[in-house]
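In what follows, a structure is listed as structure tokens, so that the remarks can point back to it.
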Amino acid sequence: MLNSPSVWTIIPVRVQAIIFSLILLCTLSQIATANTSGIDFSKDPWTVLGGYGQSFPGWGQTTQRVETIDLVPRYNRIIFNDLGSGWYRGFHSILVEVPVHFVVSPDVSTMIGMNFLACYTFTADQTIHPYLFGGGGPVYSFADVPGMGAELNGNYQFGIGLEYEMAKSYNLLLEMRYHHISNGGSEEPNDPLNSCKLLVGVTF
């Protein structure tokens, strides 16, 4: 974490969780309203990702090497389609994820979260679509990781990915992301987990 905390990191983690819960409720209510008003959601893809993540001691204030096997269901809501032209032509979307991190070291347990990510996908090539994304959300940890002083934490992350069109019904994905977990100073100790994650998945 940086020496001069951002506005987000000084907000208590419980307040962060309430904020993200309100955002989720508003999102779900808007989806329900949109469905009744006839907006088409049939083009919004669903994705299931799986992969491996590891934190690195010495990266920032991280002190523990935590290894996870990750399962990430994702809903992709397209917001603006057919943006730009040339190489940067693409679309903007919001990704809503409910990741389950199976901790395999140093404890054997789980962490469960919810992510709200902004994403831009480049569609100039008809087969391979690079994309960029970033955002965050709350994370609840059942794992006993030394240095994590709270069960309820926040996370932020950003990453890059490639989407490969295999057929009209599904695409393959490959992602790499930076992932940060901490409690925002609401509890002590507050040793963050700075991790890299490699994920593969299928969109349908």
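A few points about this structure:
- Residues located in region 39-57, provided they are of a type in the set (Phe, Trp, Tyr), under 20 Å from the mean Cα position of the chain (by Cα) and either in a strand (DSSP E or B) or at pLDDT below 95 (or both): Trp46, Tyr52
- Scanning region 126-149 for residues that are of a type outside the set (Asp, Glu) and within 22 Å of Val108 (Cβ to Cβ) yields Val139, Tyr140, Ser141, Phe142, Ala143, Val145, Pro146, Gly147, Met148, Gly149.
- Those residues of region 58-98 which are acidic (Asp, Glu) and more than 20 Å from the chain's Cα centre (by Cα), in sequence order: Asp82
- Residues of region 157-167 satisfying the condition of being more than 11 Å from the chain's Cα centre (by Cα) and touching a residue at least 40 places away in the same chain (Cβ under 8 Å): Glu163
- The strands (runs of 3 or more DSSP E) found wholly in region 123-204 and carrying at least 1 residues that are charged (D, E, K, R) and farther than 22 Å from Phe91 by Cβ occupy 193-203.
- Just one of the listed residues (Gly135, Gly154) is over 17 Å from Asp70 (Cβ atoms) and under 13 Å from the mean Cα position of the chain (by Cα), and it is Gly154.
- Contacts under 8 angstrom Cβ, first residue in region 116-136 being on the phi < 0 side of the Ramachandran plot and in contact (Cβ under 8 Å) with a residue 60 or more places away in the chain, partner in a strand (DSSP E or B) and among the β-branched types (Val, Ile, Thr), 6 or more apart: Phe116/Ile94; Phe116/Val96
The values are calculated or read from the model by the stated rules, or taken from the named source; none is laboratory data. These numbers were taken from a predicted model, which means no experiment stands behind them. Cβ coordinates were reconstructed from backbone atoms using ideal geometry, including for glycine residues, and neighbour counts include every protein chain displayed.
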